[in-house]
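Undergrad: I am attaching a structure below and will ask some questions about it afterwards.
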Amino acid sequence: MLQGAEGPGVRRAMEMVVALGRIYGARRLVPIASAQVSGVSYKNLGQAGLEFLRTWAQEGARARVPGFLNPAGMDMERWRALGIPEEFARQQEAVVEAFARLGVQPTLTCAPYLAMPWPARGSHLAWAESSAVSFANSLAGARTNREGGPSALAAAIVGRTAAYGLHLDEGRQATVEVRVQVPLRDEADFGALGILVGQEVGQGVPAFVDLAGQLPGEASPFPPRGGEGRECLPQAGGGREKSAVDLLRALGAAMAAAGAVALFHVWGITPEVRDEPALGRAPRRLEVASLEGVYARLNAPAEKVDLVHIGCPHASLDEIRQVAEAVRGQRLAARLWVTTGRAVRDEAARQGWVAQIEAAGGHVVADTCTVVAPIQALGIRVLATNSAKTALYAPAHCGVAVRFGNLAQCLEAARTGRWPGGDR
Ligand code: F3S
């Protein structure tokens, strides 16, 4: 491939994979089972990025393993109803078309594992979206570094990636043992914890020593060694509590956003450390005694809320069900977006939950999220969210003020148009 026998597009991809391997001291390439490619929103990619993709496709490059796309800058079907400017929409369509010519499926979600079997334990991947990387490594027990958009695409085109970092056993050893001395009440607390730990740990591998007791359910929900990847659709519990998987997704996404944490362990729970406890031992200790500082930092002193965003990372069926049940029969004063992948939205529609949310005036938005959509063009000034990742990113990426709290607070803000009193 490096000699160009398969064309200039493949040679370009192999050059990228090999260059990364050299930089990180990799001794070999490993075949990958799939690639997940970020950098899809036209808001971030721009015209130069679009031309780059078109050129690569013209050079004959095609993904040779299953490749999935991260969210785009809009719902590809309902962009008009959501107020996305036409000029932006046309360029976004061109981006998705260019990726399609490169053989990458327009899944347009940061949670592809919600609509397909989880990646197999120990399989090598080249995934780019940081929350998906956290999920794949930590909860599925697969192996991926945190790729950039172009390097994930290059890996898809050559079907392999350089074996360094988290592809190797030694890269998966914990570097910090974390003890959590505060009760975690909900997904917002798990996210706030993720912000704090991510900032402390940076690129390390945290192992949570005593988190199992703060998760719902008695047994680890993750597949055993040698077990098949788990199916996630259709799957929605019946209670008001978030599932352990959704809480850990919130934690992992926040750690990845605040630091560069691509793998974490939870003693007794996550698959690798459950089977090999020594992986979760580390000489450095971190004790978390309070989350108040995180809430203070993530919350602006805004009262009026323009848009409430639930679904970062993209919402599971269970999360959509919870929103639908909470807003049933209400009339919302602020805009509400529940963002998710299209396959999950379709299933939620079959269950009647999309109709319930829409009847209240909200939207279940597929293919995008508030961080990558041009929400400033929609007149949004204050955003409320139960996602610590969105709360951290939105001020810089979207130029909005943020209120951050749990699902009940966010839905109260959607109902009244104002953030309910009292910070957490
Ligand atoms: Fe996904 Fe957007 Fe959050 S890509 S992880 S919903 S910032």
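Undergrad: Do any strands (runs of 3 or more DSSP E) lying entirely in region 1-106 carry at least 3 residues that are farther than 30 Å from residue 363 by Cβ, and which ones are they?
TA: On the way: elements: 29-31, 34-37, 67-69.
Here the list reads 29-31.
Residues are listed down the side, and each one gets a yes or a no for (1) without any contact (Cβ under 8 Å) to a residue 40 or more places away in the chain; (2) more than 15 Å from the chain's Cα centre (by Cα); (3) surrounded by fewer than 21 Cβ atoms within 10 Å (Cβ to Cβ); (4) within 16 Å of the ligand (Cβ to nearest atom):
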position	(1), (2), (3), (4)
108	no, no, no, yes
123	no, yes, yes, no
127	no, no, no, yes
141	no, yes, no, no
154	no, yes, no, no
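Undergrad: I want to confirm something. Restricting to region 285-321 and keeping residues that are polar (S, T, N, Q) and surrounded by fewer than 24 Cβ atoms within 10 Å (Cβ to Cβ), which single residue is farthest from residue 351 (Cα to Cα)? Explain how you work it out, then say what you get.
TA: In the first step, residues of region 285-321 are kept if they are polar (S, T, N, Q); the result is 290, 299, 316.
Now restrict to residues that are surrounded by fewer than 24 Cβ atoms within 10 Å (Cβ to Cβ): 290, 299.
Details: 290: 39, 299: 34 Å.
Checking each candidate, the answer is 290.
Undergrad: Looking at region 293-308, which of the residues that are in contact with a helix residue (DSSP H, G or I) (Cβ under 9 Å, 6 or more places away or on another chain) and within 20 Å of residue 185 (Cα to Cα) is farthest from the ligand (Cβ to nearest atom)? First the steps, then the outcome.
TA: Initially, region 293-308 is screened for residues in contact with a helix residue (DSSP H, G or I) (Cβ under 9 Å, 6 or more places away or on another chain), giving 293-295, 297-300, 305-308.
Remaining after also requiring within 20 Å of residue 185 (Cα to Cα): 293-295, 297-299.
Working: 293: 22, 294: 17, 295: 19, 297: 18, 298: 14, 299: 18 Å.
Across region 293-308, the extreme among qualifying residues is 293.
Undergrad: Residue check: is residue 324 away from the ligand (no atom under 16 Å from the Cβ), outside any loop (DSSP other than H, G, I, E, B) and small (Gly, Ala, Ser)?
TA: On the way: away from the ligand (no atom under 16 Å from the Cβ): yes; outside any loop (DSSP other than H, G, I, E, B): yes; small (Gly, Ala, Ser): yes.
So residue 324 fits the description; yes.
Undergrad: How many residues are of a type in the set (A, V, I, L, M, F, W, C), farther than 18 Å from residue 320 by Cα, away from the ligand (no atom under 16 Å from the Cβ) and within 23 Å of the chain's Cα centre (by Cα) if we restrict to region 399-424? Steps first, please.
TA: Step one: filter region 399-424 for residues of a type in the set (A, V, I, L, M, F, W, C), giving 400-402, 404, 407-408, 410-411, 413-414, 419.
Still in the running and farther than 18 Å from residue 320 by Cα: 400-402, 404, 419.
From the residues that got through so far, the ones that are away from the ligand (no atom under 16 Å from the Cβ) too are 401, 419.
Remaining after also requiring within 23 Å of the chain's Cα centre (by Cα): 401.
Looking only at that region, the number is 1.
Undergrad: For the list (1) out of contact with any helix residue (DSSP H, G or I) (no Cβ under 7 Å at 6 or more places or on another chain); (2) surrounded by 17 or more Cβ atoms within 10 Å (Cβ to Cβ); (3) part of a helix (DSSP H, G or I), I need the number of the one condition that residue 282 fails.
TA: Looking at each condition in turn, residue 282 falls short on (3).
Undergrad: So, of the residues in region 361-398 that are surrounded by fewer than 20 Cβ atoms within 10 Å (Cβ to Cβ) and of a type in the set (Gly, Ala, Ser), which turns out to be nearest to the ligand (Cβ to nearest atom)?
TA: Residue satisfying both the conditions and the ranking: 396.
Undergrad: Could you list, in sequence order, all residues of region 322-354 that are among the basic types (Lys, Arg) and either surrounded by 22 or more Cβ atoms within 10 Å (Cβ to Cβ) or without any contact (Cβ under 8 Å) to a residue 12 or more places away in the chain (or both)?
TA: Filtering region 322-354 for residues among the basic types (Lys, Arg) gives 328, 331, 335, 342, 345, 350.
Result: 335, 345, 350.
Undergrad: So which of 5, 26 is surrounded by fewer than 18 Cβ atoms within 10 Å (Cβ to Cβ), among the hydrophobic types (A, V, I, L, M, F, W, C) and over 25 Å from the mean Cα position of the chain (by Cα)? If you could, list the steps in order and put the result at the bottom.
TA: On the way: 26 fails: surrounded by fewer than 18 Cβ atoms within 10 Å (Cβ to Cβ).
Checking each option against the conditions leaves just 5.
Undergrad: So in region 327-349, with the set limited to residues that are more than 16 Å from the ligand (Cβ to nearest atom) and part of a loop (DSSP other than H, G, I, E, B), which one is nearest to residue 75 (Cα to Cα)?
TA: 334
Undergrad: Same structure, new question: Inside region 110-216, counting only strands (runs of 3 or more DSSP E) that do not spill past its ends, which hold 3 or more residues that are within 16 Å of residue 255 (Cα to Cα)? Reasoning before the result, please.
TA: On the way: elements: 125-127, 160-162, 176-180, 206-208.
Result: 176-180, 206-208.
Undergrad: Next up: Here are 33, 48: which of them is more than 30 Å from residue 165 (Cα to Cα) and not basic (Lys, Arg)? Steps first, please.
TA: Details: 33 fails: more than 30 Å from residue 165 (Cα to Cα).
That would be 48, the only listed residue that is more than 30 Å from residue 165 (Cα to Cα) and not basic (Lys, Arg).
Undergrad: What are the pairs with Cβ atoms under 6 angstrom where one residue, in region 260-284, is under 20 Å from residue 146 (Cα atoms) and the other, located anywhere, is among the aromatic types (Phe, Trp, Tyr) and assigned to a loop (DSSP other than H, G, I, E, B)? Sequence gap at least six, or different chains.
TA: So the pair list comes out as 271/222.
Undergrad: Scan 273, 266, 261 and give me the residue that is at pLDDT 95 or above, of a type outside the set (Phe, Trp, Tyr) and either more than 25 Å from residue 405 (Cβ to Cβ) or surrounded by fewer than 20 Cβ atoms within 10 Å (Cβ to Cβ) (or both). Walk me through how you get there before you give the answer.
TA: Working: 266 fails: either more than 25 Å from residue 405 (Cβ to Cβ) or surrounded by fewer than 20 Cβ atoms within 10 Å (Cβ to Cβ) (or both); 261 fails: either more than 25 Å from residue 405 (Cβ to Cβ) or surrounded by fewer than 20 Cβ atoms within 10 Å (Cβ to Cβ) (or both).
Result: 273 is the single residue among 273, 266, 261 that is at pLDDT 95 or above, of a type outside the set (Phe, Trp, Tyr) and either more than 25 Å from residue 405 (Cβ to Cβ) or surrounded by fewer than 20 Cβ atoms within 10 Å (Cβ to Cβ) (or both).
The values are calculated or read from the model by the stated rules, or taken from the named source; none is laboratory data. Small disclaimer: the values here were computed from a predicted structure and weren't measured. Here the Cβ is made from the backbone with ideal geometry for all residues, glycine too, and neighbour counts use every protein chain on show.
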